[in-house]
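The values are calculated or read from the model by the stated rules, or taken from the named source; none is laboratory data. Note that the structure is a prediction, hence the values are computed from the model and not measured. Here the Cβ positions follow ideal geometry from the backbone for every residue, glycine too, while neighbour counts run over all protein chains shown.
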Amino acid sequence: MSAAAQTSTRDGLLHIGAVCDRLHDEFPDVSISKIRYLEEQGLIHPKRTRGGYRLFDEDAVERLRTILRLQRDEFLPLRVIRQELASPEANKARRRRRAAGLAGPEEELNARELQERSGATPQLMRELEEYGLLEARGNGGEKRYSAGDAEIAAVCAQLASFGIGPRNLRTFRTAADREASLLAQLVGPSLRTRNPERREAALDDLRALAELAQELSQLLSWRALRQLASA
């Protein structure tokens, strides 16, 4: 590549070589070929000169920096990173909705609606029920599922694409049950009270505890994965 292709333009746009130079200290393995690959995958959309050179503005550089951080720090695959970039607050909002809805009824879905919303096949849904990852109410064609079950099924369907079946996912259900049991010991008596103010205070505590427990679980997982990646 010519020297002109590695510098910034008069209007402040950066050529791909200059972008690599800027990001190299934080991401030593970043390369021109890697940036081109991310473009091919539709994650970044640099401008082009008439001669075909890629040009990056500050927003494009920050987007690229975010992608590289999500790869390095959170070990996210590109398709998940694409979803994160499309709706960066989606996961946080979903967690808030779950915590806020602890005391209220959830939307109910039949089997067809759950399948359409989650992308799970009928066979996968049957296996998820068999191993306790989905909890249906009713029998046969009258089975009903919660909106939370649809989210669980959607994640399990993605994991199944990596060859991880419901049998292997039971450990997550077991860990979740243990976590819930621990939190129940802390706030359970207050949740069973007939005093509405005391019960509402207990729900607030449970929401806060659930958020912290999820954050701790995620941080511990990331640490273990970093150790695996650096082994």
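Show me the helices (runs of 4 or more DSSP H) entirely contained within the range 73-142 in which 2 or more residues are surrounded by 13 or more Cβ atoms within 10 Å (Cβ to Cβ) and at pLDDT 75 or above.
Qualifying helices (runs of 4 or more DSSP H): 78-86, 111-118, 122-130.
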Looking only at the range 143-164, and only at residues there that are among the charged types (D, E, K, R) and surrounded by fewer than 20 Cβ atoms within 10 Å (Cβ to Cβ), the one that is farthest from Ala176 (Cα to Cα) | Lys143
With Arg207, Arg167 as the choices, which residue is in contact (Cβ under 8 Å) with a residue 40 or more places away in the chain, surrounded by fewer than 12 Cβ atoms within 10 Å (Cβ to Cβ) and part of a helix (DSSP H, G or I)?
-> Arg167
Give me a count of the residues in the range 13-37 that are in contact (Cβ under 8 Å) with a residue 40 or more places away in the chain and not in a loop (DSSP other than H, G, I, E, B).
-> 5
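Against the condition loosely packed, with under 14 Cβ neighbours inside 10 Å, more than 23 Å from the chain's Cα centre (by Cα) and modelled with pLDDT under 95, how does Pro28 come out, does it pass?
yes
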Using the structure shown, decide if Arg173 is loosely packed, with under 11 Cβ neighbours inside 10 Å, modelled with pLDDT of 90 or more and in a helix (DSSP H, G or I).
-> no
Of the conditions (1) under 18 Å from Arg79 (Cβ atoms); (2) surrounded by fewer than 18 Cβ atoms within 10 Å (Cβ to Cβ), Asp21 clears all except one; give me its number.
-> (1)
Determine which single condition Ala224 fails, assuming it passes every other condition in (1) over 20 Å from Ala176 (Cβ atoms); (2) free of Cβ contacts under 8 Å to residues at least 40 places away in the same chain; (3) of a type in the set (A, V, I, L, M, F, W, C).
-> (1)
Can you run down the residue pairs with Cβ atoms below 7 Å, 6 or more apart or on separate chains, where the first is in the range 52-73 and closer than 18 Å to Gln41 by Cα and assigned by TED's automatic domain parsing to the domain that holds Glu26 and the partner is acidic (Asp, Glu) and part of a helix (DSSP H, G or I)?
-> Leu70/Glu84
